[in-house]
């Protein structure tokens, strides 16, 4: 009986996060009410507050899940690129920029978080989900002699910051396909100058 209640609670939490991602992605944080989330899920207010202490906490859970998904997708693209760590780095970074074309990713990951959870918390999520994989990739490149090993950590932070700025450039552009093409060109130039082909 206890296991069934735990499973039901977990399913309710997942339903809330999924619906909130959709609503926050379409209407933004300010444009999404708790009532809209309750209506979309059929969940009672008490059940929502059992899992989250308010809209900001729910947004934080949605953001955490979205950043994790970006890291997973980027990591999968990097692994699919084969054994060359430079090709893997290019593929993973390119996958993140491609995801920046998704309006829900733009709202939930790029545009709303600074005012909702703050840059510091967003950086914590990057540390938790993204920076480790990027750092490991750069360590592999350093082992080939193409980067100084002592600079890997700082370079991982710099590259992540550059990717975030490129993704923001895409999200804020009136011509997003053109902005994505330009961002990919800029990324290629940055990686060429940093590590070569």
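Run down 104, 76 and say which single residue is assigned to a helix (DSSP H, G or I) and either in contact with a strand residue (DSSP E or B) (Cβ under 6 Å, 6 or more places away or on another chain) or over 25 Å from residue 189 (Cα atoms) (or both). Outline the logic, then answer.
On the way: 76 fails: either in contact with a strand residue (DSSP E or B) (Cβ under 6 Å, 6 or more places away or on another chain) or over 25 Å from residue 189 (Cα atoms) (or both).
Result of the check over 104, 76: 104.
Of the numbered conditions (1) surrounded by 18 or more Cβ atoms within 10 Å (Cβ to Cβ); (2) out of contact with any helix residue (DSSP H, G or I) (no Cβ under 6 Å at 6 or more places or on another chain); (3) farther than 27 Å from residue 160 by Cβ, residue 94 fails exactly one; give the number of that condition.
(3)
In the range 111-123, which residues are surrounded by fewer than 21 Cβ atoms within 10 Å (Cβ to Cβ) and assigned to a helix (DSSP H, G or I)?
111, 114, 115, 116, 119, 120, 121, 122, 123, listed by residue number.
Identify the single condition in (1) within 16 Å of residue 66 (Cα to Cα); (2) in a helix (DSSP H, G or I); (3) at pLDDT 95 or above that residue 89 does not satisfy, given that it satisfies every other one.
(1)
Looking at 163, 140, 191, can you tell me which residue is within 20 Å of the chain's Cα centre (by Cα) and in contact (Cβ under 8 Å) with a residue 12 or more places away in the chain? Let's see the steps before the verdict.
Numbers: 140 fails: within 20 Å of the chain's Cα centre (by Cα); 191 fails: within 20 Å of the chain's Cα centre (by Cα).
Exactly one of 163, 140, 191 is within 20 Å of the chain's Cα centre (by Cα) and in contact (Cβ under 8 Å) with a residue 12 or more places away in the chain, namely 163.
Restricting the range 43-68 to residues that are without any contact (Cβ under 8 Å) to a residue 24 or more places away in the chain and more than 20 Å from residue 118 (Cβ to Cβ), which is surrounded by the fewest Cβ atoms within 10 Å (Cβ to Cβ)? Give the derivation first.
Filtering the range 43-68 down to residues without any contact (Cβ under 8 Å) to a residue 24 or more places away in the chain leaves 44-46, 49, 53-54, 57.
If we keep only those that are more than 20 Å from residue 118 (Cβ to Cβ) as well, we get 44-46, 49.
On the way: 44: 11, 45: 11, 46: 7, 49: 13.
By that ranking, first place goes to 46.
Just one of 40, 71 is assigned to a helix (DSSP H, G or I), under 15 Å from residue 130 (Cβ atoms) and in contact with a helix residue (DSSP H, G or I) (Cβ under 7 Å, 6 or more places away or on another chain); which is it?
Going through 40, 71 in turn, just one is assigned to a helix (DSSP H, G or I), under 15 Å from residue 130 (Cβ atoms) and in contact with a helix residue (DSSP H, G or I) (Cβ under 7 Å, 6 or more places away or on another chain): 71.
The values are calculated or read from the model by the stated rules, or taken from the named source; none is laboratory data. The shown structure was predicted, so the numbers you read here are calculated from the model rather than taken from an experiment. Cβ atoms come from the backbone with ideal geometry, glycine included; neighbour counts cover every protein chain shown.
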